[in-house]
Amino acid sequence: MTHVRTLVLDEVESTQAVARTHAAMGAPEIMAILSFNQTSGRGRQGRAWVSPAGKNIALSLLLRPFVQPQQGALLGLLASVSVAETLAALGLDTGLKWPNDVLCGEGKIAGVLSEASIRSNRLEHVIVGVGVNVNTSPEEFPPLLRAPATSVYMETGRLQDVEIIAEALIQRFTQLYEQALEDDLALVASLWEQRWVHKGRLVRRPDACGTAEHIDPSGALILRDETGKLIRITSGEAEIVEKIDSGEHD
Ligand code: BTN
């Protein structure tokens, strides 16, 4: 397995920005930037990612895979699988929500932000940013969160060593990344789907509504609408409306 160069920093604005600087300087893959505090952490859809200092994982992975630009989204999915597996090894019951959220029960325990640099239809690099709530207490989450959040501490009742979990996560990601690139990228969607908690549920967005059917080989979400037509979703979020009533009741 490739040795991953890991830069560990006490405080940064955002590990994504640090990774972008290293990408511009020509850093080879795989480089990991880990910080214990971000003063301006970024989340998906232009949102902020807020995390109390010293308690959680803020990690960015700089990757330069030889894959098609449209396959770049698979790396974010792979990161969420790696987080789910790393936390499962600590005894947590983890699941995935499309595209990249890691859940524990109803609560979000980790999020992934994937940023691709594409030039002349070639994928130059991808920076996969991973935020994992490790030692956050319930009162430390910002009020008015969009969705319930949780942490490893809240799930296990024990404070954890952030750096040890981060190392295990980097190692698991690297193993899966190399395996997927060597064998078959289809591995990513199949591993992801095994932990998908919303398969078969109704998804409603302003532009589409349908039952969550599967994840295609490039990581897109495939819905089936009420006429039976398949709809391919490649960006944004997928909020679950309700369980489909199968007609069977306990
Ligand atoms: C989400 O909105 O769910 C994605 C959150 C991603 C947060 C991580 S923390 C490490 C990296 N640096 C950032 O500024 N954001 C990502």
Quiz item: Looking only at the range 172-216, which residues are without any contact (Cβ under 8 Å) to a residue 24 or more places away in the chain and within 21 Å of Cys104 (Cβ to Cβ)?
Solution: Glu193, Gln194, Lys199
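Residue-by-condition table, conditions (1) under 19 Å from the mean Cα position of the chain (by Cα); (2) modelled with pLDDT of 95 or more; (3) of a type in the set (Lys, Arg):
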site: Val12; (1), (2), (3): no, yes, no
site: Thr21; (1), (2), (3): no, yes, no
site: Arg42; (1), (2), (3): yes, yes, yes
site: Ala48; (1), (2), (3): yes, no, no
site: Lys55; (1), (2), (3): yes, yes, yes
site: Leu62; (1), (2), (3): yes, yes, no
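Leu74: within 20 Å of Ser137 (Cα to Cα) and away from the ligand (no atom under 13 Å from the Cβ), yes or no? Don't jump to the end; show me each part of the working.
Numbers: within 20 Å of Ser137 (Cα to Cα): no; away from the ligand (no atom under 13 Å from the Cβ): yes.
No; evaluated as a whole, the condition is false for this residue.
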Practice problem: Mind listing just one residue for me: the one in the range 105-133 that is polar (S, T, N, Q) and part of a strand (DSSP E or B) and, of those, farthest from the chain's Cα centre (by Cα)? | Solution: Ser117
Quiz item: Can you tell me which of Val102, Val67 is under 9 Å from the mean Cα position of the chain (by Cα) and either touching a residue at least 12 places away in the same chain (Cβ under 8 Å) or assigned to a loop (DSSP other than H, G, I, E, B) (or both)?
Solution: Val102
Quiz item: So which residues in the range 198-239 are of a type in the set (Asp, Glu) and closer than 24 Å to Leu113 by Cβ, if there are any at all?
Solution: Asp207, Asp216, Glu237, Glu239
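Conditions (1) among the small types (Gly, Ala, Ser); (2) under 26 Å from Arg201 (Cα atoms), marked per residue:
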residue	(1), (2)
Pro99	no, yes
Gly105	yes, yes
Leu123	no, no
Thr136	no, no
Ala149	yes, yes
Quiz item: Conditions: (1) touching a residue at least 40 places away in the same chain (Cβ under 8 Å); (2) surrounded by fewer than 24 Cβ atoms within 10 Å (Cβ to Cβ); (3) near the ligand (Cβ under 9 Å from one of its atoms). Ala58 meets all but one. Number of the miss?
Solution: (2)
Self-check item: Ser82 being farther than 20 Å from Glu140 by Cβ, assigned to a strand (DSSP E or B) and not charged (D, E, K, R)
Solution: no
Quiz item: Among the residues of the range 1-50, which ones are of a type outside the set (A, V, I, L, M), in a helix (DSSP H, G or I), more than 11 Å from the ligand (Cβ to nearest atom) and free of Cβ contacts under 8 Å to residues at least 24 places away in the same chain?
Solution: Thr21
Quiz item: Being more than 24 Å from Glu193 (Cα to Cα), crowded, with 20+ Cβ neighbours inside 10 Å and among the hydrophobic types (A, V, I, L, M, F, W, C), is that true of even one residue in the range 47-54?
Solution: no
Quiz item: Tell me, which residue of the range 69-125 that is in contact with a Cys (Cβ under 8 Å, 6 or more places away or on another chain) and surrounded by 15 or more Cβ atoms within 10 Å (Cβ to Cβ) is farthest from Ala186 (Cα to Cα)?
Solution: Leu92
Exercise. Out of Ser117, Ser82, report the one residue that is polar (S, T, N, Q), within 19 Å of Thr15 (Cβ to Cβ), away from the ligand (no atom under 11 Å from the Cβ) and in contact with an Asp or Glu (Cβ under 8 Å, 6 or more places away or on another chain).
Key: Ser117
Quiz item: What single numbered condition from (1) in a helix (DSSP H, G or I); (2) farther than 23 Å from Glu213 by Cα; (3) hydrophobic (A, V, I, L, M, F, W, C) fails to hold for Leu61?
Solution: (1)
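The values are calculated or read from the model by the stated rules, or taken from the named source; none is laboratory data. Just so we're clear, the structure is a prediction, and the values are computed from it rather than from any experiment. In this analysis, Cβ positions are derived from the backbone assuming ideal geometry, glycine residues included, and neighbour counts consider all displayed protein chains.
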